[in-house]
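The values are calculated or read from the model by the stated rules, or taken from the named source; none is laboratory data. The shown structure was predicted, so the numbers you read here are calculated from the model rather than taken from an experiment. With ideal geometry, Cβ positions are generated from the backbone for all residues, glycine too; neighbour counts draw on all protein chains shown. These area figures cover heavy atoms from the full protein model, side chains too; ligands, DNA and RNA do not enter into them. Shrake-Rupley method; radii C 1.70, N 1.55, O 1.52, S 1.80 Å.
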Amino acid sequence: MRMFLLLLPLVLLLSAVETQGISVVDLSALREIKNSLTDITSSSPNAFFTSWDFTAPDPCSSFAGITCSLFIPKRVTTLTLGTGLSDSPGLAGILSPAISNLSELTQLVLFTGIVTGPIPDQIGTLKKLSVISLTNNRLTGSIPTSIFTLPNLHTLDLSHNQLTGTIPGSISELSSLKVVVLGSNKISGEIPIMPTELLHLDLSNNELSGMLPRKTRMPLTLRYLSVSGNRLWGPLSVLESLSELVYLDLSMNRFSGTIPSSLFRSTLSSMYLQRNNLTGRVPQPPLSSPAATVYGPGSTVDLSHNSLTGELTNTLAGVETLFLNNNRFTGAVPKDYVESVYSGNTRTLYLQHNYIAEFPVKEGLPLPDSVALCLSYNCMVPPVPVGFMACPASAGEQISRPVNQCSAFNTSMA
């Protein structure tokens, strides 16, 4: 009896570890996870769960999608569900609450598939999670508030699902959070205050409304901001302090007012403001540092489908892909734009559907084959032969505006 009592701790230890060396708790959780999911094409040689043989001597080395700690009993530290391969349709089923039993988990990834149902609220118990990426599936319901209590969360990507509800205000308390991607869902309500050191925020293609958070509540560290395809409104002045931005997409909303001059800088090399209610003019380059607006290869600026007015300034000359169409620009296009087109630095320049009166082409010098230039439906006959212009179908077939539109517009602007 005494010998049994002495051996009892060892018996208990051994009972916690199966022959594979992995924790019994984790192995049981993996079994439940597998039972709640299935390969859409289980007969495919690339089927994800093919390797999940629970009689295998070491699941940590043979199971696809998991990594484990080194010490016995081994604990699952990362779980990636699905292959992520382009020729794999992914997984179907639901996410099992048993995921929460993997208490040492630091990364949870679900690749493209047709997984349905809610995100288990129990995920919020996994205090070591730093990455949650559950993208391109059919997850429904609201985002569990428990997720926003995870102290080590760095990346949250729930994009391209069917999630509803609002973004909990408690998101602002996650000091470790750097990347938030919730695009292409059905999330509504206003944008809450975000963590102060956030780098990447994508809330595009949802049903968000209201204004952007006040200037003092926007993370000054933001480098990527996309809220396109929502119902947001108000001025853009709240963005003036975001000097670290390199990518900005506010397209297809209801923003109004003028565009802050601080947004016209070469370091903000991708700016999409199309299809809003923006007014005013494109500012002159700053006299103190004109090089700040010298755009380079790969740059894109889209200001189309607004109500911008006045003559163009040199600020955007040199942008590689530039959309200024469907506004109310007038006067002559500055020669710097023409030089940039003929040198091939500007590869796309759309100016159609404005009130522009002159585009000073270089006589006898053909456009580079790589350039897409559209000048139709302005207050001039395009100097570039129509056959050499690369206009989209939406530009229509009319080469120039009717004279009465131009005279009436110029009179009203005088």
As an exercise: evaluate residue 86 against (1) in a helix (DSSP H, G or I); (2) of a type in the set (Gly, Ala, Ser); (3) open to solvent by 50 Å² or more (accessible area, probe 1.4 Å) and give the number of the one condition it does not meet.
(1)
Any residue in segment 34-45 that is over 11 Å from residue 113 (Cβ atoms) and open to solvent by less than 60 Å² (accessible area, probe 1.4 Å) sitting within a Cβ distance under 6 Å of a residue that is at pLDDT 95 or above and outside any strand (DSSP E or B)? List the pairs, counting only those 6 or more apart or interchain.
36/96
Working carefully through the options 188, 172, 159, 176, find the one that is under 22 Å from residue 107 (Cβ atoms) and open to solvent by 30 Å² or more (accessible area, probe 1.4 Å).
176
Flagged in segment 254-280 as in contact (Cβ under 8 Å) with a residue 40 or more places away in the chain and within 19 Å of the chain's Cα centre (by Cα), in numbering order, are 272, 274
Collect the residues in segment 272-296 that are of a type outside the set (Val, Ile, Thr), in a loop (DSSP other than H, G, I, E, B) and at pLDDT 95 or above, keeping them in residue-number order.
273, 274, 275, 276, 280, 281
Looking at segment 222-241 only, could you name the residues that are closer than 15 Å to residue 267 by Cα and out of contact with any Lys or Arg (no Cβ under 9 Å at 6 or more places or on another chain)?
222, 223, 224, 225
Could you tell me whether any residue of segment 114-130 is within 18 Å of the chain's Cα centre (by Cα), open to solvent by 10 Å² or more (accessible area, probe 1.4 Å) and of a type outside the set (Gly, Ala, Ser)?
no
For segment 221-244, which residues satisfy the criterion of being buried (at least 17 other Cβ atoms within 10 Å of the Cβ) and assigned to a helix (DSSP H, G or I)?
238, 239
State which residue is most open to solvent (accessible area, probe 1.4 Å) when the search covers only segment 51-82 and only residues that are outside any strand (DSSP E or B) and within 17 Å of residue 36 (Cα to Cα).
53
